[in-house]
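Engineer: Attaching a single structure in structure tokens format; questions to follow.
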Amino acid sequence: MRILIAEDDFYSRKLMLAYLSVAGECDVAANGQEAWDAYLDAHDEGKPYDLICLDIMMPEMDGQEVLGKIREDEDRRQLGRYARAKILMVTALDEMKVIMSSFHSLCDGYVMKPLEKESLFAKIREIGVR
């Protein structure tokens with residue numbers, strides 16, 4: 001499995017990398033622009049990500065903007081439902097408006113910070129990542 005972790009907080013990024021590296025090959029991005037660039041590079045290499053974890057609040061481009069761009073690009077590429085990346089939004093925000101906006105932009109799920117390994121993997125299984 002190929003995984004992209006997009007998180008601007010060093011500690012959270014390191015923690016997610018430690019958790020997810022057992023599940024597959026992980027790349028990291030420290031802001032939204034890096035995440036978008038990594039997504040495009042992965043497709044250009046013919047090895048797209050299976051799972052993308054996007055922090056909602058990031059510099060350069062926030063997670064919701066990256067989410068929208070990814071879904072638009074997948075539509076442009078005419079990727080079917082099973083060929084699309086599974087996208088988890090990661091947030092410390094407990095605001096329903098932000099969470100609903102992410103679902104409107106077609107994320108697959110969300111996890112709340114502080115991250116716990118068991119709940120992260122439960123959510124990954126719930127959204128159908130193998």
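Engineer: If a residue must be surrounded by 18 or more Cβ atoms within 10 Å (Cβ to Cβ), over 14 Å from I124 (Cα atoms) and within 13 Å of the chain's Cα centre (by Cα), how many such residues does the range 1-27 contain?
Structural biologist: Residues flagged as surrounded by 18 or more Cβ atoms within 10 Å (Cβ to Cβ), over 14 Å from I124 (Cα atoms) and within 13 Å of the chain's Cα centre (by Cα) within the range 1-27 amount to 6.
Engineer: If you check R77 against the conditions, is it among the basic types (K, R), in contact (Cβ under 8 Å) with a residue 12 or more places away in the chain and closer than 20 Å to E116 by Cα? Write out each step before concluding.
Structural biologist: Values: among the basic types (K, R): yes; in contact (Cβ under 8 Å) with a residue 12 or more places away in the chain: yes; closer than 20 Å to E116 by Cα: no.
So R77 does not fit the description; no.
Engineer: Every residue in the range 112-129 that is under 17 Å from D50 (Cβ atoms) and touching a residue at least 40 places away in the same chain (Cβ under 8 Å), please.
Structural biologist: Residues satisfying the conditions are L120, F121, I124, I127, G128, V129.
Engineer: How many of the residues making up the range 22-48 are hydrophobic (A, V, I, L, M, F, W, C), under 11 Å from I5 (Cα atoms) and out of contact with any Pro (no Cβ under 9 Å at 6 or more places or on another chain)?
Structural biologist: The first filter runs over the range 22-48 and keeps only residues hydrophobic (A, V, I, L, M, F, W, C), leaving 22-23, 26, 28-30, 35-36, 38, 40, 42.
Now narrow it down to the ones that are under 11 Å from I5 (Cα atoms): 26, 28-30, 35, 38.
Right, trim to out of contact with any Pro (no Cβ under 9 Å at 6 or more places or on another chain) and you get 26, 28-29, 35, 38.
The number of residues fulfilling the criteria is 5.
Engineer: Another one. Going through L106, L93 one at a time, which residue ends up being at pLDDT below 90, over 14 Å from the mean Cα position of the chain (by Cα) and of a type outside the set (G, A, S)? Break it down stepwise before answering.
Structural biologist: Numbers: L106 fails: over 14 Å from the mean Cα position of the chain (by Cα).
That would be L93, the only listed residue that is at pLDDT below 90, over 14 Å from the mean Cα position of the chain (by Cα) and of a type outside the set (G, A, S).
Engineer: In this structure, does Q33 turn out to be out of contact with any Leu (no Cβ under 6 Å at 6 or more places or on another chain), closer than 25 Å to L115 by Cα, of a type outside the set (D, E, K, R) and modelled with pLDDT under 95? Before you say what the answer is, go through the steps one by one.
Structural biologist: Values: out of contact with any Leu (no Cβ under 6 Å at 6 or more places or on another chain): yes; closer than 25 Å to L115 by Cα: yes; of a type outside the set (D, E, K, R): yes; modelled with pLDDT under 95: no.
So Q33 fails the test.
The values are calculated or read from the model by the stated rules, or taken from the named source; none is laboratory data. Because the structure is predicted, anything quoted here is derived from the model rather than measured. Please note: Cβ atoms are built from the backbone with ideal geometry, for glycine as well, and neighbour counts cover all protein chains shown.
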